[in-house]
1. Taking the residues in the stretch 256-277 that are surrounded by 21 or more Cβ atoms within 10 Å (Cβ to Cβ) and not aromatic (F, W, Y) as candidates, determine which candidate is farthest from I292 (Cα to Cα).
2. Output yes when any residue across the stretch 127-143 is hydroxyl-bearing (S, T, Y) and farther than 17 Å from Q184 by Cα, and no when none is.
3. Could you tell me which residue of the stretch 168-182 is nearest to the chain's Cα centre (by Cα), considering only residues that are under 29 Å from S230 (Cα atoms) and not in a helix (DSSP H, G or I)?
4. Looking at the stretch 286-296 only, could you name the residues that are modelled with pLDDT under 90, assigned to a helix (DSSP H, G or I) and more than 19 Å from the chain's Cα centre (by Cα)?
5. Assess whether L221 counts as being more than 23 Å from E138 (Cα to Cα), in a helix (DSSP H, G or I), at pLDDT 85 or above and of a type outside the set (G, A, S).
6. I need the full set of residues from the stretch 41-76 which are of a type outside the set (D, E, K, R), touching a residue at least 24 places away in the same chain (Cβ under 8 Å) and not in a strand (DSSP E or B), in order please.
7. In the same structural domain as P210 (by TED's automatic domain parsing), β-branched (V, I, T), within 24 Å of E203 (Cα to Cα) and buried (at least 19 other Cβ atoms within 10 Å of the Cβ) - does that describe any residue in the stretch 136-155?
8. When S206 is evaluated against the numbered criteria (1) part of a helix (DSSP H, G or I); (2) among the hydroxyl-bearing types (S, T, Y); (3) in contact with a His (Cβ under 9 Å, 6 or more places away or on another chain), which criterion, by number, is the only one it fails?
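The values are calculated or read from the model by the stated rules, or taken from the named source; none is laboratory data. Note that this is a predicted model, so its numbers are computed, not measured. FYI the Cβ positions are ideal-geometry reconstructions off the backbone, even for glycines, and counts take in every protein chain you see.
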Amino acid sequence: MSVNDSFTPKLSCRNLWKLYGPGVSGFLSDESRLPQNGGDGKLLAQSIREQGGIVASADVSFDLMPGEIFVIMGLSGSGKSTVVRCLSRLVEPTSGEILLDGLNLLQASPKELIDFRRYKMGMVFQSFGLLPHLNVFENIAFPLKLQGMPLQDRSARVERVIALVGLEGREDSYPSQLSGGQQQRVGIARSLAVEPEVWFLDEPFSALDPLIRRQMQDEFLRLQQELHKSIVFITHDFLEALRVADRMAIMKDGAVVQIGRPVDLILKPEDSYVREFTNDVPWELILTAGDIASDNAPPEGVREVSADTKVCDLLPYLSEHDSGVAVRTADHSLYHMTGKDVIAALASGMSTTTTAKS
């Protein structure tokens, strides 16, 4: 999916800190010590750790654009789940700003926060969190009942999302009668029933078997094609992140190491930590012609392809045509790509002989 960077962010996270330990309130009390305008929060985080504090989130900043899937990933303990819980204020941040449509959620009253959660936020977690004494229909309807929605409207909404996630015929089933994938569909449907403006998913598929997990990823992407939600998606699986992300952030020790499109992280990793995540990535399934096309003008008469064509789809053709292909970008510029360009990109963690095109 293409995200228009000229849009106003739907949600902005600004200089978010979450600290634990004795006297943590004093660690950030001196505003002169706080990083400003891109300053290095890692030094302050290290200082806080040396004073006995636990840094779960260190100066985290990013924007979530309308209709974007923004993936936050990292190893266990990197701080990714803390961030998403701070965004919903299930965990109270120590410092920073969280702006939803320009309103700072950290300044919201308890009533305002309840309204945000009931009407604007959807949340799905690794544990399905279904109520065992309620059937599928009742589980999905539960948040709408809390909203006070009339029964007729509630039923129509539930029927619609049940069809959306493919659970027709299981309305009267209880959680114990469902497979793991079906239970997660119920959790997704329940969060979608409130028609949230922002959707937080914290490792929603990690408890599923690999095959079911792949199927749920496909289902999730299908839903996003229809709904165009603004989504923060947490995962520790780089291949999953590559499948679903428009942009992604990689975290380590509570801090953001790098933010960018998946291909940016693959071709231009900031450091060895980011590069390690890409070691086992099947690049030919991720890279597009526009990502690795050279600035050279293509020869006359060669086949023309769009910049978003996956390299894997071009390999058979390139193996038989040394002249390569002409690559047409969104601004109608033409570039050139040959089999040698593909080999050079696949052979190096950071190709110095290719130029990424958008």
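1. Going through the stretch 256-277, the residues surrounded by 21 or more Cβ atoms within 10 Å (Cβ to Cβ) turn out to be 256, 262, 265-267, 277.
Now narrow it down to the ones that are not aromatic (F, W, Y): 256, 262, 265-267.
Numbers: V256: 26, P262: 14, L265: 14, I266: 12, L267: 9 Å.
Out of the qualifying residues, it is V256.
2. Of the stretch 127-143, the ones hydroxyl-bearing (S, T, Y) are 127.
Retained after the next criterion (residues that are farther than 17 Å from Q184 by Cα): none.
No, there is no match, as no residue in the stretch 127-143 is hydroxyl-bearing (S, T, Y) and farther than 17 Å from Q184 by Cα.
3. If we filter the stretch 168-182 for residues that are under 29 Å from S230 (Cα atoms), which is where we start, we get 168, 170-171, 175, 178-182.
Still in the running and not in a helix (DSSP H, G or I): 168, 170-171, 178-179.
On the way: E168: 28, R170: 30, E171: 30, L178: 27, S179: 25 Å.
Across the stretch 168-182, the extreme among qualifying residues is S179.
4. Selection gives D291, I292.
5. Working: more than 23 Å from E138 (Cα to Cα): yes; in a helix (DSSP H, G or I): yes; at pLDDT 85 or above: yes; of a type outside the set (G, A, S): yes.
For L221, the condition - more than 23 Å from E138 (Cα to Cα), in a helix (DSSP H, G or I), at pLDDT 85 or above and of a type outside the set (G, A, S) - is met.
6. G41, A45, I48, Q51, G52, G53, M65, P66, G67, G74, L75, S76, listed by residue number.
7. Kept after step one, since they are in the same structural domain as P210 (by TED's automatic domain parsing), are these residues of the stretch 136-155: 136-155.
If we keep only those that are β-branched (V, I, T) too, we end up with 136, 140.
Right, trim to within 24 Å of E203 (Cα to Cα) and you get 136, 140.
Of the ones still in play, those that are also buried (at least 19 other Cβ atoms within 10 Å of the Cβ) are 136, 140.
Taking every residue of the stretch 136-155 in turn, at least one turns out to be in the same structural domain as P210 (by TED's automatic domain parsing), β-branched (V, I, T), within 24 Å of E203 (Cα to Cα) and buried (at least 19 other Cβ atoms within 10 Å of the Cβ).
8. S206 satisfies every listed condition except (1).
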